[in-house]
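J.: Mind looking over this structure? Questions follow.
The values are calculated or read from the model by the stated rules, or taken from the named source; none is laboratory data. All figures in this text were calculated on a predicted structure; none of them were measured in a lab. FYI the Cβ positions are ideal-geometry reconstructions off the backbone, even for glycines, and counts take in every protein chain you see.
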Amino acid sequence: MDRSGRREQIIRAAREAFQNFGYKATTLDHIAKYANMGKGTFYLSFKTKEEVFTCIVDDELKQFARFAEEAINKYGLNIESLHHYICNLSGYQQQHPLFCKLKQEAEAFQTYEVKEGLTRIENTAFDQLKELIIKLMETGAMEPSDVEFTAFLITELYTALLFKWGEKHDPLSNEEILERFQQYLQPGLCPPNRKKNREISS
């Protein structure tokens, strides 16, 4: 096996180990066992489990970028692509076993490396949302405004509708959330002469 293949094997093994044991409880012995190799072979590719964890976080950030690209390619540059980017991203994080395990660990043990990794993920997702908003503004699909504030407002709205609303009410489907977004926020964010859901070619 070449060096690249060995690294990928270790990363896959570390994902499984972190998912099963959490980051803090995972040892190099766990990772080496899951990768079916000795610790000496592990050290040919990585020095520490922290280094492997950083690679895993980097891979997740690339996946987030793909969510944005897929939304734009499928729906064009409009409010609907913004909606689907956020919903796909949120759904991925909520259903991904590794994310769930890491969030539990961060809350229960305040593990520094895990908290730092999750912060990187949250910040990158927010930055990508801002980039998408900027593109919508540049094409005229959204009115020019404070990008940071707009991204914050949209993030808080979706957090409330995706998670908090369901604590005391029947959960909303993604389609119902889009309807609420179009009803309450789109009139203020989009030019008045732009038809709802009209696609703007990228």
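J.: I'd like to know if region 65-88 contains one or more residues that are of a type in the set (Phe, Trp, Tyr), under 30 Å from Ala32 (Cα atoms) and outside the structural domain of Ala35 (by TED's automatic domain parsing).
T.: No, every residue in region 65-88 fails to be of a type in the set (Phe, Trp, Tyr), under 30 Å from Ala32 (Cα atoms) and outside the structural domain of Ala35 (by TED's automatic domain parsing).
J.: Out of curiosity, is Glu116 in contact (Cβ under 8 Å) with a residue 60 or more places away in the chain, of a type in the set (Asp, Glu) and surrounded by 14 or more Cβ atoms within 10 Å (Cβ to Cβ)?
T.: Against the criterion (in contact (Cβ under 8 Å) with a residue 60 or more places away in the chain, of a type in the set (Asp, Glu) and surrounded by 14 or more Cβ atoms within 10 Å (Cβ to Cβ)), Glu116 does not qualify.
J.: If we keep just the residues of region 119-152 that are acidic (Asp, Glu) and over 14 Å from Ala68 (Cα atoms), which is surrounded by the fewest Cβ atoms within 10 Å (Cβ to Cβ)?
T.: Per the stated criteria, the residue is Asp146.
J.: Filter region 70-109 down to the residues that are polar (S, T, N, Q) and farther than 17 Å from Phe163 by Cβ and list them by number. Before the answer, list the steps.
T.: Let us first name the residues in region 70-109 that are polar (S, T, N, Q), namely 73, 78, 81, 88, 90, 93-95, 104.
Those that are polar (S, T, N, Q) and farther than 17 Å from Phe163 by Cβ: Asn73, Asn78, Ser81.
J.: Turning to a different aspect of this structure: How about region 169-178: which of its residues are part of a helix (DSSP H, G or I) and either among the small types (Gly, Ala, Ser) or surrounded by 12 or more Cβ atoms within 10 Å (Cβ to Cβ) (or both)?
T.: Filtering region 169-178 down to residues part of a helix (DSSP H, G or I) leaves 174-178.
Matches in region 169-178: Asn174, Glu176, Ile177, Leu178.
J.: Mind counting the residues in region 81-125 that are part of a helix (DSSP H, G or I), of a type outside the set (Gly, Ala, Ser) and under 17 Å from Tyr23 (Cβ atoms)?
T.: Filtering region 81-125 down to residues part of a helix (DSSP H, G or I) leaves 81-95, 97-109, 112-125.
Filter once more, so that each one left must be of a type outside the set (Gly, Ala, Ser): 82-89, 92-95, 97-105, 107, 109, 112-116, 118-124.
Now restrict to residues that are under 17 Å from Tyr23 (Cβ atoms): 93, 97-105, 107, 109, 112-116, 118-122.
Of the residues in that region, 22 qualify.
J.: Across region 1-41, what is the total count of residues that are among the hydrophobic types (A, V, I, L, M, F, W, C) and farther than 20 Å from Cys100 by Cα?
T.: 6
J.: Does Thr48 fit the bill of being surrounded by fewer than 18 Cβ atoms within 10 Å (Cβ to Cβ) and polar (S, T, N, Q)?
T.: On the way: surrounded by fewer than 18 Cβ atoms within 10 Å (Cβ to Cβ): yes; polar (S, T, N, Q): yes.
Spelling it out, Thr48 is indeed surrounded by fewer than 18 Cβ atoms within 10 Å (Cβ to Cβ) and polar (S, T, N, Q).
J.: Hey, another quick one. Residues that are in contact (Cβ under 8 Å) with a residue 24 or more places away in the chain and in contact with a Phe, Trp or Tyr (Cβ under 6 Å, 6 or more places away or on another chain): does region 42-59 have at least one?
T.: Yes; the residues of region 42-59 include at least one that is in contact (Cβ under 8 Å) with a residue 24 or more places away in the chain and in contact with a Phe, Trp or Tyr (Cβ under 6 Å, 6 or more places away or on another chain).
J.: Note down all Cβ pairs under 6 Å where the first residue falls in region 96-110 and is under 17 Å from Asp58 (Cα atoms), the second is aliphatic (A, V, I, L, M) and in a helix (DSSP H, G or I), and they're at least six residues apart or on different chains.
T.: Between residues of region 96-110 that are under 17 Å from Asp58 (Cα atoms) and residues that are aliphatic (A, V, I, L, M) and in a helix (DSSP H, G or I), the close pairs are Leu102/Val114.
J.: I'd like to check something: does region 63-80 contain any residue that is under 14 Å from the mean Cα position of the chain (by Cα), buried (at least 18 other Cβ atoms within 10 Å of the Cβ), in a helix (DSSP H, G or I) and not hydrophobic (A, V, I, L, M, F, W, C)?
T.: no
J.: Those residues that are closer than 17 Å to Val57 by Cα and acidic (Asp, Glu), I need them from region 1-30; list them, please.
T.: Answer for region 1-30, where residues must be closer than 17 Å to Val57 by Cα and acidic (Asp, Glu): Glu8, Glu16.
J.: In region 48-56, is there at least one residue being out of contact with any Asp or Glu (no Cβ under 8 Å at 6 or more places or on another chain), part of a helix (DSSP H, G or I) and among the aromatic types (Phe, Trp, Tyr)?
T.: No, the conditions are met nowhere in region 48-56.
J.: OK, next. Is it the case, given these coordinates, that Leu157 is in a helix (DSSP H, G or I), in contact (Cβ under 8 Å) with a residue 24 or more places away in the chain and surrounded by 11 or more Cβ atoms within 10 Å (Cβ to Cβ)?
T.: Judged against the criteria, Leu157 is a match.
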